[in-house]
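Everything below concerns the one structure shown next.
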Amino acid sequence: TFLFLLLICAAAIAPNSANAQTVWTAAPDASFQFWRFDAEYSPTTSKVFFLGGRLTDGSTDGSVWSYDPVTGAYADTGVDMPVPVSNYNIARVTDGSGNELLMIFGGRDNNGISTNNVQGYDPVANATVTFTATDPYPELTSPGGVIAVANKAYAFGGFDGVVTTAGCHIFDVTAADGAR
């Protein structure tokens, strides 16, 4: 049955050659050597930001980098995340004052241990923010997926280095301390 459905799908797609010939354009190689990281576009600055990541030697670097899609240039912003992590996803939200924040929840620290840190980067102010003291992430994990909808960040599932988790958590950056 599976093979039959696969053949039907292939036959349905094949005549439409416009879909089959999508061409990607290569951007310049990154100026950093991160892996296990994410990126997020900032409409306010028209740049893409990377909030650190794992390095090839196994250590973790919290350097915040930007990429300008118009010029193709990468730049180290000179700012480091308060707790350098890898294995994270970014959610773009705006705080109660309208400041754009690129938020990460949990992740793996330099020792490969899952954290419950909640931290963000303000691309306009070129500064970091933390919420861990009042609103730590409810699990010690690297969320499996993170997305922002209606200015709230939703984190789904995760992996703590041993066990996968199925939690779903909602973060409202505009709520009061302790209630985010």
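Working from Cα pairs under 8 Å separated by at least six residues, relative contact order for the stretch 35-84 is 30 percent. If you run the Gaussian network model on the chain, springs between alpha carbon atoms under 10 Å, then out of THR130, THR22, THR71 the most flexible one is THR22. Rounded to the nearest 20 debye, the dipole size of the stretch 64-162 about its Cα centre is 200 debye, using +1 on the Cβ of Lys and Arg and -1 on the Cβ of Asp and Glu. On the protein heavy atoms, probe 1.4 angstrom, tell me the percent of accessible surface of the stretch 63-156 carried by carbon and sulfur. Heavy-atom surface of the stretch 63-156 belonging to carbon and sulfur, 1.4 Å probe: 51 percent. Potential lengthening of the chain between ILE113 and TYR41 amounts to 23.2 nm, from the contour at 0.36 nm per residue minus the alpha-carbon distance. When the helix-only estimate is applied to the chain (DSSP H runs of n ≥ 4, each -39,500 (n - 2.57), divided by the residue count), what is the mean residue ellipticity at 222 nm, nearest 500 deg cm²/dmol? Mean residue ellipticity, 222 nm, calculated: -2500 deg cm²/dmol.
Given a 10 angstrom Cα cut-off, can you work out which residue in VAL85, VAL23, VAL149 is the most mobile in a GNM of the chain? For the chain, modelled as a Gaussian network with Cα springs under 10 Å, the answer is VAL23.
The charge dipole of the stretch 27-97, taken about the Cα centre with unit charges on the Cβ atoms of Lys, Arg (+1) and Asp, Glu (-1), comes to about 140 debye, rounded to the nearest 20.
Could you provide, to the nearest whole Å², the per residue accessible area of the stretch 99-175 with probe 1.4 Å? Provide the component values of the computation, followed by the final result.
On the way: 3380 Å² over 77 residues.
Averaged over the residues of the stretch 99-175, the accessible area is 44 Å².
In the chain, the longest principal axis of the Cα atoms and the axis of helix 2-13 are about 90 degrees apart. Where a ≥ b ≥ c are the square roots of the eigenvalues of the C-alpha gyration tensor, would you call the stretch 53-180 rounded, which needs a/c under 1.5, or, failing that, prolate if a/b is larger than b/c, or oblate? Verdict is oblate for the stretch 53-180. For the chain, a simple Cβ point-charge model (Lys and Arg +1, Asp and Glu -1, everything else neutral) yields a dipole of about 460 debye relative to the Cα centre.
How high is the relative contact order of the chain? Use alpha-carbon pairs under 8 Å, at least six apart in sequence, and give a whole percent. Contact order relative to length: 14 percent. Only one residue of ASN126, THR141, ALA176 has its Cα farthest out toward the positive end of the dipole of the chain, where Lys and Arg carry +1 and Asp and Glu -1 on Cβ, and that residue is THR141.
The values are calculated or read from the model by the stated rules, or taken from the named source; none is laboratory data. Everything numeric in this text was worked out from a predicted model, so none of it was measured. Cβ atoms come from the backbone with ideal geometry, glycine included; neighbour counts cover every protein chain shown. In case anyone asks, the SASA skips ligands and DNA or RNA and just uses the protein heavy atoms, side chains included. Shrake-Rupley method; radii C 1.70, N 1.55, O 1.52, S 1.80 Å.
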